[in-house]
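One structure below.
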Amino acid sequence: MSIGLIALLDDVAALAKVAAASLDDVAAQAAKAGAKAAGVVIDDAAVTPRYVTGFSAARELPIVGKIALGSLKNKLIYLLPAALLLSLFAPWAITPLLMIGGAYLCYEGSEKVFEALSPHGAHEHEAAVGAATHAARNLEDEKVSSAIKTDFILSAEIMAITLASLPAGSTWMQAVVLAVVGIGITALVYGGVALIVKADDAGVALARTDRPVSRLLRRGPEGTPLHTDRLLAPVTTTFGRGLVKGMPVLLKGLAIIGTAAMIWVGGGIIVHGLEGYGFAGLGHAIHALAVAAGHAVPALGGLVEWLVSAAASGLFGLVLGAVLIPLVHFVAVPLARAVRGGSRKAEKPTV
């Protein structure tokens, strides 16, 4: 009996070691894959704050929460199983699907540029494609919906990069790593976005209090301020005023960066996708230009290479988006309306 118990304990210990090793593998693979997707994560973080600008302070965190929940649904409910199924049964379909998503990002970003350059023309285009009015939707719902759609493309890129970086192995292990990366990146991105959009409120609180330490320690307003209050109050007040004045500028800057990020990420997806189909000329030209620029500034070679590569991809994405805007306006929308009109006529009963 004792020998059997010892054998059972040995089996339990062996299983525990295997489980621990599996957890270590998951953590290591998730960290490696997350690092490779860092570029898209930065783009995601830059894109999101622009969807929150223009709303009251009370609605900022709820909007970020809605977008974060939509992002989790994108990654865990739609993209994770889709990525695994495509990798198993149709790996050839991943690249064209990503390229379609990249084209959508170029179109969305170029629309924002068009709106900045020609607000009247952009409004007419939005009205034509049905983006200006949505039944039973207010502005907040439209912003959240648009943000989740954009997040879907960026999340697809993150999941694709993650899956491509994983070694061949158990499908369940790949699923766990994809889930860990998806949850971790969502928490990182939208936690950071929440801090950014609420920084001005923190600035107001700091600027209005002359008892920062007492407030931090939850001491009441009564009584003599602490010595540390008197020492730190000028610093915290100045810092708070700086936050209040600086955050609107930062948010506007992030909105511009977010639009640029949509365009350069979309353009980059298309360029890399074309390379996979044998059209590598554009990608090689961008790479050669970036390397030459990096060699010209050796002290900042890596940064300069990245900037030039992103700028070139963004320029290509902007041109592509500029081509897609009239195509959507004059071709896709009339076709969609004709199809809807034909289907409605077919549904009408004949007398």
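The values are calculated or read from the model by the stated rules, or taken from the named source; none is laboratory data. In this text, all values refer to a predicted model and were calculated from it rather than measured experimentally. Reconstructed Cβ throughout: ideal geometry from the backbone, glycine too, with neighbour counts over all protein chains shown.
Yes/no per residue for (1) modelled with pLDDT of 65 or more; (2) over 21 Å from Ala336 (Cα atoms); (3) under 22 Å from the mean Cα position of the chain (by Cα):
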position: Gly102; (1), (2), (3): yes, yes, yes
position: Val113; (1), (2), (3): yes, yes, yes
position: Leu117; (1), (2), (3): yes, yes, no
position: His120; (1), (2), (3): yes, yes, no
position: Glu124; (1), (2), (3): yes, no, no
position: Gly130; (1), (2), (3): no, no, no
position: Ala135; (1), (2), (3): no, no, no
Filter segment 206-243 down to residues that are surrounded by 13 or more Cβ atoms within 10 Å (Cβ to Cβ), among the hydroxyl-bearing types (Ser, Thr, Tyr) and at pLDDT 75 or above, then give me how many there are.
4
Note down all Cβ pairs under 7 Å where the first residue falls in segment 320-338 and is farther than 17 Å from Glu115 by Cβ, the second is surrounded by 15 or more Cβ atoms within 10 Å (Cβ to Cβ) and not aliphatic (A, V, I, L, M), and they're at least six residues apart or on different chains.
Leu320/Cys106; Leu320/Gly267
Log entry, pairs with first residue in segment 152-175 being part of a helix (DSSP H, G or I), second being crowded, with 24+ Cβ neighbours inside 10 Å and of a type in the set (Phe, Trp, Tyr), beta carbons closer than 6 Å, six or more apart or on different chains, reads none
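Residue-by-condition table, conditions (1) buried (at least 17 other Cβ atoms within 10 Å of the Cβ); (2) touching a Phe, Trp or Tyr at 6+ places or on another chain (Cβ under 8 Å); (3) not basic (Lys, Arg):
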position	(1), (2), (3)
Lys245	no, no, no
Gly253	no, no, yes
Ala285	no, no, yes
Ala293	yes, no, yes
Val297	no, no, yes
Ala312	yes, no, yes
His329	no, no, yes
Does Tyr277 satisfy the condition of being modelled with pLDDT of 80 or more, hydroxyl-bearing (Ser, Thr, Tyr) and under 30 Å from Gly70 (Cβ atoms)?
no
Among (1) out of contact with any helix residue (DSSP H, G or I) (no Cβ under 7 Å at 6 or more places or on another chain); (2) at pLDDT below 90; (3) among the β-branched types (Val, Ile, Thr), which single condition is Ile257 missing?
(1)
Residue count, segment 99-118, condition surrounded by fewer than 20 Cβ atoms within 10 Å (Cβ to Cβ), closer than 26 Å to Thr186 by Cα and in contact (Cβ under 8 Å) with a residue 12 or more places away in the chain, comes to 3
